[in-house]
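The values are calculated or read from the model by the stated rules, or taken from the named source; none is laboratory data. Here the structure is a predicted model, which means the values were calculated and not measured. Don't worry about glycine lacking a Cβ; one is built from the backbone with ideal geometry, like all the others, and counts go over all protein chains shown. Ligands, DNA and RNA are excluded from the accessible area calculation, which covers all protein heavy atoms including side chains. Shrake-Rupley method; radii C 1.70, N 1.55, O 1.52, S 1.80 Å.
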Amino acid sequence: MSIKKYIRSRFFPHIWCPGCGHGTVLNGLLRALDGLGINKNSVVMVSGIGCSSRISGYVDFHTLHTLHGRALAFATGVKLSRPELKLIVPMGDGDALAIGGNHFIHAARRNIDITAIVMNNRVYGMTGGQYSPLSGEGTLSTTAPLGNIDQMFDVAALAQAAGASFVARTTSYHVKELSKVLMKAISHKGFSVVEVLSQCPTYFGRKNKQGDAVSMMEGYKSGTTPIGSKAKQENPDLIERGIFVERQSPEYCEEYAKIMDKAQKKKAKA
Amino acid sequence: MSSTVKFVQGNEACVEGALYAGLEFFAGYPITPSTEIAEHLAARLPRQGGKFIQMEDEIASMCAIIGASLTGCKVMTATSGPGFSLKQEALGYAVMAEIPCVVVSVMRGGPSTGLPTHVSQGDVNQARWGTHGDHAIICMTASNNQDVFATTVEAFNLAETYRTPVILLFDEVVGHMREKLEMPEPGAVPLVGRLRTSVKDGVNYHPYLPREDGRLPMSDFGGVHRYNVTGLFHDMWGFPTDNPTVVRELLRHLVDKIDNNAAQICKYKEFHLEDAECVLISYGSSARSALHLVEERRALGDKLGLLELQTLWPFPEAVVREKCSRAKHVVVVEMNMGQVMAQVKLAVDKPGRVYLVNRYDGVFITPNDIMNILRLIQGKGV
Ligand code: SF4
């Protein structure tokens, strides 16, 4: 299997630092699309601003590199106007959940058929290492030199509460699982959220003394566990991986199609 | 078949114009005094297979129409003052990425939430400079329902011709005033459609390859050409670049495609200008008060004339200079602190002869208000 056919090699080398988790996520994503056999012309990738958002430039789909935090709003316009297209929205944690938090919960509430990938590296990488909403209390960053007092939240729980009908979490260490989860998320009809813990050794890792990329990934291995595992009962600090929700619920574009039907029947009668 | 006559609000005339022009996608967020545009489209669009969505905020609405435009749809959003402020970031994106779209602001008093239900013409400068960076923009306005309709159709035509956002500024009085609208038959007004690339599947398509005639053919998202769109400075592939030559040329292209065509873009109306010693310049609902006064004073022998601007940006400098060249006085009538007056002063040969007659208290400017100040300007005392 070659995933090269999905890459715009003209635009390489990419801008990511050595050891950045984003390349792994991109690899997993392309493998997922390849596994699903999706036609390149039917994929639209929409991203916001940040290191992770540069993904869209490097792949050979219809790609839209937009504004910080707004990717899901742009994607909603694309999807509603052409519901047959597959919308994939890779985002950073600050992009998706700070400036983009409102768009995130409302895309989930509508259950519009978009796959949102939150690449959670707990930091603003592109602007040089400021704390993000997911950095967590006690972490260090350039804007929290004395320790972060901002509480983080659980993306997966937020997505579920807001109405996303598919919610999963994995990491850049669990590459096979990553592809599998993304395949399911992309095939799912409705708003799907996949949180991927993805290391930023350059800023988060270094500042918080987590070692190099390899040791950060080892941290994902030892610090996470499959959903409902015994290990979690014994150690509540472990972060759960896997699919939290996978349910059928009315999808926005399909519901709008029904509204159009109704309106046209009413018009025909009149 | 004859044209249909309707009795509608200005906001509805805008809806009729948009549908006539082929609107297929609308995203919006409720805000007074523009809300009727969204309400009518929510009912009308699904009937003809178009899409309506009420987004979570103004920002999202602007972003959504850009996304929809890229799939090949004619798109619009509508808002008012503070909502227009929120749209500015994505409006700049549409300028940079050259996305055809129409943005309506039915003006209310500001700054901030200001006067939601009162009239103002305070968004003139926001339309021009609300987004950051050097750029060009097209902004049009109208003073009556028939013109609201025609201007809205024209806005879609210009958006498609120049691949740019076009702003429609109506004021609250125009938006809410009910009067007659004569709907032209389908086909009676020429429409400009999306210029799509003729490049075949398998052949390299450059989304931003500059062309001599100024029109850049597009390819719909979901079609056979896969390309990148970004708000960053970009090369002919749509890929981000900071190469100074590419940056300079792109910015020049964005500005020139509008500025070099100002003569075709700019629309205006003139009333009794042939021998006018005093030229009134106005737009939107205040132009109706100005016209009333002009007609009234003409009957009494006063050499008054009116230049009604229908395009505010690019500012019709050449027209203003020419029409004011023989005037003793030039009087700008507007409902703000002189946003258009500042432009008129820049355009005319004798800026010292330019006066402002205005209100900025949320109260509609009447012919009487204008007359009172005019007497002072003309040295006749009150
Ligand atoms: S700054 Fe961090 S997130 Fe950005 S490319 Fe470098 S490692 Fe990756």
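Structural remarks
- Residue in region B:159-180 that is open to solvent by 40 Å² or more (accessible area, probe 1.4 Å) and either assigned to a loop (DSSP other than H, G, I, E, B) or among the aliphatic types (A, V, I, L, M) (or both) present: yes
- Residues that are hydroxyl-bearing (Ser, Thr, Tyr) and free of Cβ contacts under 8 Å to residues at least 40 places away in the same chain, drawn from region B:108-125: B:Ser112, B:Thr113
- Between B:Leu280, B:Leu304, B:Leu309, B:Leu376, the distinction of being open to solvent by less than 10 Å² (accessible area, probe 1.4 Å) and more than 24 Å from B:Leu169 (Cβ to Cβ) belongs to B:Leu304 only.
- Pick from region A:184-199, criterion within 14 Å of the ligand (Cβ to nearest atom) and among the aliphatic types (A, V, I, L, M), ranking: nearest to the other protein chains (Cβ to nearest Cβ): A:Val196
- Which listed residue, of A:Gly69, A:Gly77, A:Gly28, A:Gly94, is part of a helix (DSSP H, G or I) and either facing chain B (nearest Cβ under 9 Å) or more than 16 Å from the ligand (Cβ to nearest atom) (or both): A:Gly77
- Candidate set from region A:1-25 (those that are farther than 18 Å from A:His62 by Cα and more than 16 Å from the ligand (Cβ to nearest atom)); member that is farthest from the other protein chains (Cβ to nearest Cβ): A:Met1
- Flag if A:Ala164 is in contact (Cβ under 8 Å) with a residue 60 or more places away in the chain and part of a loop (DSSP other than H, G, I, E, B): yes
- Checking B:Ile66 against (1) at the interface with chain A (Cβ under 8 Å from one of its Cβ atoms); (2) part of a loop (DSSP other than H, G, I, E, B); (3) within 25 Å of B:Arg128 (Cβ to Cβ); (4) of a type outside the set (D, E, K, R), the condition it does not meet: (2)
- Just one of the listed residues (A:Lys232, A:Lys262, A:Lys221) is within 14 Å of another protein chain (Cβ to nearest Cβ) and free of Cβ contacts under 8 Å to residues at least 60 places away in the same chain, namely A:Lys262.
- All positions within region B:126-158 that are hydrophobic (A, V, I, L, M, F, W, C), assigned to a helix (DSSP H, G or I) and either at positive phi or touching a residue at least 12 places away in the same chain (Cβ under 8 Å) (or both): B:Ala127, B:Val148, B:Phe149, B:Ala150, B:Val153, B:Ala155, B:Phe156, B:Leu158
- Residues in region B:3-41 that are out of contact with any strand residue (DSSP E or B) (no Cβ under 7 Å at 6 or more places or on another chain), farther than 23 Å from A:His103 by Cα and more than 14 Å from chain A (Cβ to nearest Cβ): B:Glu12, B:Val15, B:Gly17, B:Tyr20, B:Ala21.
- Region A:232-251 - residue that is farther than 21 Å from A:Leu182 by Cβ and surrounded by 13 or more Cβ atoms within 10 Å (Cβ to Cβ) and, of those, nearest to the chain's Cα centre (by Cα): A:Leu238
- Within region B:47-63, tally of residues that are facing chain A (nearest Cβ under 10 Å) and of a type in the set (Asp, Glu): 2
- Selection of region B:69-87 for residues being farther than 23 Å from B:Glu154 by Cβ and within 11 Å of chain A (Cβ to nearest Cβ) yields only B:Thr71.
Each row is one residue, and each column tells you yes or no for (1) within 16 Å of the ligand (Cβ to nearest atom); (2) of a type in the set (Lys, Arg); (3) open to solvent by less than 70 Å² (accessible area, probe 1.4 Å); (4) within 14 Å of another protein chain (Cβ to nearest Cβ).
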| position | (1), (2), (3), (4) |
| --- | --- |
| A:Met152 | no, no, no, no |
| A:Ala159 | no, no, yes, no |
| A:Val167 | no, no, yes, no |
| A:Leu178 | no, no, yes, no |
| A:Leu182 | no, no, yes, no |
| A:Pro201 | yes, no, yes, no |
| A:Gln210 | yes, no, no, no |
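- Scanning region B:276-318 for residues that are in contact with a Cys (Cβ under 6 Å, 6 or more places away or on another chain) and under 30 Å from B:His135 (Cα atoms) turns up B:Thr311, B:Leu312, B:Trp313, B:Pro316.
- Residue within region B:194-201 that is under 25 Å from A:Ala75 (Cα atoms) and of a type in the set (Val, Ile, Thr) present: yes
- Residue count for region B:44-63, restricted to those that are in a loop (DSSP other than H, G, I, E, B) and open to solvent by less than 10 Å² (accessible area, probe 1.4 Å): 2
- Residue in region B:229-242 that is more than 8 Å from chain A (Cβ to nearest Cβ), closer than 25 Å to A:Ser53 by Cβ and of a type in the set (A, V, I, L, M) present: yes
- Residues that are part of a loop (DSSP other than H, G, I, E, B) and within 11 Å of the ligand (Cβ to nearest atom), drawn from region A:36-55: A:Gly50, A:Cys51
- Only residues that are of a type in the set (D, E, K, R) and either touching a residue at least 12 places away in the same chain (Cβ under 8 Å) or in a strand (DSSP E or B) (or both) were counted in region B:201-255, giving 5.
- Filtered residue count, region B:322-338, keeping only those that are within 21 Å of the chain's Cα centre (by Cα) and either open to solvent by less than 40 Å² (accessible area, probe 1.4 Å) or farther than 21 Å from B:Arg288 by Cβ (or both): 6
- Applying the set (1) touching a strand residue (DSSP E or B) at 6+ places or on another chain (Cβ under 7 Å); (2) open to solvent by less than 10 Å² (accessible area, probe 1.4 Å); (3) within 14 Å of chain B (Cβ to nearest Cβ) to A:His103 leaves exactly one unmet item: (1).
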